[in-house]
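Shown next, in structure tokens, is the structure this report addresses.
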Ligand SMILES: [Zn+2]
């Protein structure tokens, strides 16, 4: 029996060998947003807070560090078959449409 790795669709599990395949990459990251601060906050001594953060990091194991990092940034990459690409495309298009519709509704009220 041949020991060979196959690429599979992340959604339906179909083999992608010889089929058109698509890559779906999703970046999920914290939106920094506007920073609301004051001049007093900027010039304040932040040394104790930085030392506390460093101490906290030193006492975290690798899993805890990865969990904290994932709150800030995560990247997911999936291989999809053409049928699942179409389904994901439709779901993303619907989400984008709803988001745009909601933004338009809010701007009119
Ligand atoms: Zn699929």
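Here are the numbers:
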item: Along principal axes, Cα extents of the chain, largest first, whole Å; result: 65, 54, 15
item: Gaussian network model of the chain, springs between alpha carbon atoms under 10 Å - residue of 55, 82, 38 with greatest fluctuation; result: 38
item: Label-point separation in nm, residue 93 to residue 73, each point 7 Å along Cα→Cβ; result: 3.2
item: Folded to 0 to 90 degrees: helix 47-58 orientation relative to the chain principal axis, Cα; result: 40
item: Region 21-108 - percent relative contact order, Cα under 8 Å, separation 6 or more; result: 57
item: Degrees separating the helix 62-72 axis from the principal Cα axis of the chain, which is the longest one; result: 90
item: Residue among 96, 21, 30 with the largest mean-square fluctuation in a Gaussian network model of the chain, springs linking Cα atoms under 10 Å; result: 96
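Taken together, the values in this text are just the output of simple stated rules run on the coordinates, not laboratory data. This structure is a prediction, so every number in the text was calculated from the model and none was measured. Every residue, glycine among them, receives a Cβ derived from its backbone with ideal geometry; neighbour counts consider all protein chains shown.
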